[in-house]
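**Q** I'd like to ask you about the structure that follows.
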Amino acid sequence: MTTSHDHAPSTKATWWQSAVIYEIYPRSFQDSDGDGVGDLEGIIQRLSYLEWLGIDAVWITPIYPSPLADFGYDVADYTDIHPLFGDLEAFDHLVEALHAKNIRLILDFVPNHTSEQHPWFLDAKSGPTSAHRDWYIWQNPAPTGGPPNNWVSIAGGGGWELDAESGQYYCHMFLKEQPDLNWRNPAVRRAMYDAMQFWLARGVDGFRLDVFWLLIKDWRFRNDPLNPDYQDGQPDFRRTLPIFSGDRPEIHEIATEMRALVESVDRDCVLIGEIYQPAEKLVTYYGEDGRGLHLPFNFNLMWQHWSPRPILAYIEEYEAALPADGWPSWVLGNHDQKRIASRVGPAQARVAMLVLLTLRGTPTLYYGDELALENVPIPPGQEQDPFGLAHPEQGRDPVRTPMPWSRQERHAGFTTGLPWLPLGNDHPDRCVELQRDDPASMLNLTRNLLALRRSSAALSRGAWSAAKVSGDVLAYVRETESERYLIVANLDDQVKTVGLDEQMGGVVALSTHDGRDGEPMDKVMELRGDEALIIRCQQNAS
């Protein structure tokens, strides 16, 4: 038997609902010119790999002109390309080449803040009466002196920086080199929507909206309450609960405006919001009557203890919280978080990949996770991430290292020059070239999962329900009226005996281990350590 939820298979013909998105960190994917930094032409050179792998869309992190204080998340011009990555002609070539292979392009858009070197902010700093002064968030010092309130920067330290000339503070929820825009100003909205229109006209298929939940701040600038669960050693931003510095109700008006913007073009585009919020808050970003974001990014699976009960409990919580037309989103890794293979181990990373690609919703893969890459220790003196340089516990360099392509070529085929970050010592042995030739590799497991998902309406768009089985495993069903799969995952390295309901019997369609495809499963089965199975059920129970 299964525990069912009200979410039936979707009938909407939207490409992003059945898609698998692949995040590319351009600096680290492929360097085409030998300067040690990946670029747009490098991505083009590797398109045959993306096509072979079977992904449907790529999301590329920022490539705009920037001083690179935060490696592109400090934008100095929203409508151009940083020369490090190429130019607009190279971008147009990338869009054309991707579309020729039926792969969509999702562009990272950074609406919360600009670079301090953006012409808008340079003008804003020129004086309190400047044309762009109110494009940013300025406040006088507190009555007793010092910052206007206790808002904390996610990059560490306070969220305000004093402008000595004017005597006012400007708000920055990240580095001081990243001043926050004032989204209460209609001129800011118009300018940012114009920038989005610029990229839509160049053929992009949607946007990933950076730190979307922070766009609107409390207009009274009230102090955030202290976090009663804060513990010494945690990052500074954990000291407070950001209920006034983010996640304000007015944010949903912006989501609706952006939704109308992308729906004004003559193709199906997607809005994906970066929102670090629990399920009950996350789902509000779909908006009333589904007029908000298409896919509020759901990162919460990354924080669950990797064992069946908490994982299943969170999936059920999220599924139950979703609005009727809300399509789920799942993520297990990105450019800011520890790699999944480092969190759960390379063997369990195979299980995690199977789970990610069989849950209901749109999954996003982080480049290199299909190779089971782990965090790379960065030798002293080679660190690059400004977050990590200021606060080592927040360093993100270890998850952003170059993609290993071959065993024989220098620097694993990533560059002919000196890589901007070192490759891991084991990267040549985990490279694409070797894994493509190994049927049992993580890479081929991922490719086979993607192919099975693409060929199955149940796995790509079907309903989800928890499965009632005996044994300490994660188990759920994906189904349509004519097709049903049981997914059973062993989340540790011990052998598990699993009892199935008589309606769950079938044959193994795919295993994370060798030698089980086609094996019949009925009533009782044994899962090896670090093994997950997709079982094609023989009939669809009513």
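The values are calculated or read from the model by the stated rules, or taken from the named source; none is laboratory data. What you are looking at is a predicted structure, and each value in this text was computed from that prediction instead of being measured. A quick note on method: Cβ atoms are made from the backbone with ideal geometry, for glycine too, and the neighbour counts reach across all protein chains shown.
**Q** Under 6 Å by Cβ, and 6 or more places apart or on different chains, what pairs join a residue from region 225-240 that is at negative phi with one that is β-branched (Val, Ile, Thr) and in a loop (DSSP other than H, G, I, E, B)?
**A** Listed pairs, sorted by first residue: 237/154.
**Q** How many residues does region 385-430 hold that are more than 15 Å from residue 31 (Cβ to Cβ) and either assigned to a loop (DSSP other than H, G, I, E, B) or among the aliphatic types (A, V, I, L, M) (or both)?
**A** 12
**Q** Go through (1) in contact with a helix residue (DSSP H, G or I) (Cβ under 7 Å, 6 or more places away or on another chain); (2) under 30 Å from residue 391 (Cα atoms); (3) surrounded by fewer than 14 Cβ atoms within 10 Å (Cβ to Cβ); (4) hydrophobic (A, V, I, L, M, F, W, C) and name the single condition residue 187 misses.
**A** Result: residue 187 passes all but (2).
**Q** Could you list, in sequence order, all residues of region 399-416 that are surrounded by fewer than 23 Cβ atoms within 10 Å (Cβ to Cβ), out of contact with any helix residue (DSSP H, G or I) (no Cβ under 8 Å at 6 or more places or on another chain) and either at pLDDT 95 or above or among the aliphatic types (A, V, I, L, M) (or both)?
**A** Across region 399-416, the qualifying residue is only 411.
**Q** Sort through 339, 343 and tell me the only one that's modelled with pLDDT of 95 or more and buried (at least 18 other Cβ atoms within 10 Å of the Cβ).
**A** 339
**Q** Based on what the data block shows, is residue 244 crowded, with 20+ Cβ neighbours inside 10 Å, of a type outside the set (Val, Ile, Thr) and more than 23 Å from residue 107 (Cβ to Cβ)?
**A** Taking the combined requirement at face value, the residue satisfies it.
**Q** Still on this structure: State which residue pairs qualify: first residue within 18 Å of residue 249 (Cα to Cα) and inside region 283-303, second residue at pLDDT below 95 in any location, beta carbons under 7 Å apart, and separation of 6 or more residues or different chains.
**A** 290/325
**Q** When the residues of region 489-517 are filtered to those that are within 28 Å of the chain's Cα centre (by Cα) and free of Cβ contacts under 8 Å to residues at least 24 places away in the same chain, which remaining residue is surrounded by the fewest Cβ atoms within 10 Å (Cβ to Cβ)?
**A** Per the stated criteria, the residue is 513.
**Q** Go through region 242-277 and give me each residue that's free of Cβ contacts under 8 Å to residues at least 60 places away in the same chain, among the β-branched types (Val, Ile, Thr) and outside any loop (DSSP other than H, G, I, E, B).
**A** The answer is 251, 256.
**Q** Pick out the one residue from 76, 90 that is surrounded by 14 or more Cβ atoms within 10 Å (Cβ to Cβ) and in a helix (DSSP H, G or I).
**A** Exactly one of 76, 90 is surrounded by 14 or more Cβ atoms within 10 Å (Cβ to Cβ) and in a helix (DSSP H, G or I), namely 90.
**Q** Taking the condition in contact with a strand residue (DSSP E or B) (Cβ under 6 Å, 6 or more places away or on another chain) and touching a residue at least 40 places away in the same chain (Cβ under 8 Å), does residue 452 pass? Walk me through it before giving the result.
**A** On the way: in contact with a strand residue (DSSP E or B) (Cβ under 6 Å, 6 or more places away or on another chain): yes; touching a residue at least 40 places away in the same chain (Cβ under 8 Å): yes.
Judged against the criteria, residue 452 is a match.
**Q** Restricting to region 33-50, what's the tally of residues that are crowded, with 22+ Cβ neighbours inside 10 Å and not in a loop (DSSP other than H, G, I, E, B)?
**A** Qualifying residue count, region 33-50: 3.
**Q** Find the residue count for region 355-384, including only residues that are within 15 Å of residue 55 (Cα to Cα) and either of a type in the set (Gly, Ala, Ser) or assigned to a helix (DSSP H, G or I) (or both).
**A** 6
**Q** Being at positive phi, surrounded by fewer than 21 Cβ atoms within 10 Å (Cβ to Cβ) and either among the hydroxyl-bearing types (Ser, Thr, Tyr) or modelled with pLDDT of 95 or more (or both) is true for just one of 53, 68, 84. Which residue is that?
**A** One residue alone meets the criteria, 68.
**Q** So which residues in region 144-173 are more than 35 Å from the chain's Cα centre (by Cα) and farther than 20 Å from residue 225 by Cβ?
**A** 145, 164, 165, 166, 167, 168
**Q** I would also like to ask the following. Would you point out which residue out of 536, 461, 478 is of a type in the set (Lys, Arg), at negative phi and more than 27 Å from the chain's Cα centre (by Cα)?
**A** It is 536.
**Q** Another question, then. Scan region 88-107 and give yes if some residue there is free of Cβ contacts under 8 Å to residues at least 60 places away in the same chain, assigned by TED's automatic domain parsing to the domain that holds residue 297 and within 30 Å of residue 161 (Cα to Cα), otherwise no.
**A** Among the residues of region 88-107, not one is free of Cβ contacts under 8 Å to residues at least 60 places away in the same chain, assigned by TED's automatic domain parsing to the domain that holds residue 297 and within 30 Å of residue 161 (Cα to Cα), which makes the answer no.
**Q** Please find, within region 421-440, the residue that is nearest to residue 35 (Cα to Cα) out of those that are in contact (Cβ under 8 Å) with a residue 60 or more places away in the chain and crowded, with 19+ Cβ neighbours inside 10 Å.
**A** The qualifying residue nearest to residue 35 (Cα to Cα) is 421.
**Q** A follow-up question, please. In region 300-347, which residues are under 21 Å from residue 475 (Cβ atoms) and among the acidic types (Asp, Glu)?
**A** Within region 300-347, 316, 317, 319 qualify.
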